[in-house]
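What follows is one structure encoded as structure tokens, with my remarks underneath.
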Amino acid sequence: MKSLLSKPTKTFPLWRPLVIVAIVGGTLYLSLSTTTPFGKPEAGIVLNLPDQLQGMDGTEIPVSPEEIALLPKDTTFAKKSYAQPENGMVVSAQIVLGGADKRSIHRPEVCLPGQGWTIKSTQPITVPLSTGKNLSVTKLLLSRPHQTGPQTFKPLQLVFLYWFVSKDFSTSSHFTRILTNAWDMLVHNKLNRWAYIIVSAPVLEGFTANGKSEEETIALLKTFTAEMAPAIMKSEGAKEF
């Protein structure tokens, strides 16, 4: 005799999770492979870096032949370096604005090792902006050998901050950016136009007189970003993911 307390076992058809996986996979495939945008996506940044930041004058950096050769032709750039002569510090700022071909924008973790850098750590951090709002960015700590003599090398560290901006969104995560694109393509039939923003500086302690430590370099980049981001991001009201 069956117990009155027993409950019938409920089974779920196998096809349901398979359908869900197929929908998600198909959407991600469209997001990654489609090169023609739906509509005319608007950029969320001004492609013009300030002439001066944190009291440092900016100097234009030319786009390298490698960048021109590797990235789609409708990719546009803004690149400047900002110097502190008293301690040799140079802060590099760069905007990469994608066009119709989404290959313009990628995770820096993909290309940095090819440039000789070893990624020592990856960490999301929050930067309080000069306007009182917060910005989420990803901080990478990089290292590679730096030649100090004919046959001597010393590890040089680089602090590297990056984030992504569209008209309506800001995120420090490449994966979140891809999912946001997939959702907007599937639900709203639109494609976001993303910009990839980088701020970086070497850790010069032990290399130059008055060279900054790792902690001091991170602090400098945070105050630098706090001033730069509101100047180039059209809408600080953009939703963060």
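Taken together, the values in this text are just the output of simple stated rules run on the coordinates, not laboratory data. None of these values were measured; they are calculated from a predicted model. Cβ placement follows ideal geometry from the backbone for every residue including glycine, while neighbour counts extend to all protein chains displayed.
Between GLN115 and ASN87, the simple spin-label model (points 7 angstrom out along Cα→Cβ) gives 2.2 nm.
Counting neighbouring beta carbons within 10 Å and listing from fewest to most, the residues PHE175, PHE224 come out as PHE175, PHE224. Each label point was placed 7 Å from the Cα along the Cα-to-Cβ direction; for HIS188 and THR122 their separation is 2.6 nm. The Cα atoms of region 15-236 give a gyration tensor whose axes a ≥ b ≥ c have a/c of 1.5 or more with a/b greater than b/c, which makes the shape prolate. This model, with +1 at the C-beta of Lys and Arg and -1 at the C-beta of Asp and Glu, gives region 15-236 a dipole about its Cα centre of some 720 debye. Measuring nothing but how far apart in sequence close Cα pairs (under 8 Å, 6+ apart) lie, relative to its length, region 15-236 scores a relative contact order of 26 percent. By the count of neighbouring beta-carbon atoms within 10 Å, fewest first, LYS133, LYS80, LYS73, LYS167 end up ordered LYS73, LYS133, LYS167, LYS80. Estimated at 0.36 nm per residue, the fully extended path between ASP168 and LYS234 surpasses their Cα-Cα distance by 22.8 nm. Residues of region 188-227 with an amide N closer than 16 Å to a point placed 7 Å from the Cα of LEU70 along the Cα-to-Cβ direction: 196-198.
At q = 0.13 Å⁻¹ the log10 of I(q)/I(0) for region 156-241 amounts to -0.53, computed by Debye summation with a single uniform scatterer per C-alpha, solvent ignored.
Remark: spin-label model distance GLU60-ARG103 equals 2.8 nm, labels positioned 7 Å along the Cα→Cβ axis.
The alpha carbon centroids of region 169-224 and region 71-138 are separated by 5 Å.
Which order do HIS174, HIS188, HIS106 fall in if you start with the one that has the fewest other Cβ atoms within 10 Å? Could you put the intermediate results ahead of the total?
Numbers: HIS174 19, HIS188 11, HIS106 15.
Fewest to most other Cβ atoms nearby, the residues stand as HIS188, HIS106, HIS174.
From the square roots a ≥ b ≥ c of the eigenvalues of the alpha-carbon gyration tensor of region 76-146, which class results: rounded (a/c under 1.5), prolate (a/b over b/c), or oblate?
Rounded, because the longest to shortest axis ratio a/c is under 1.5.
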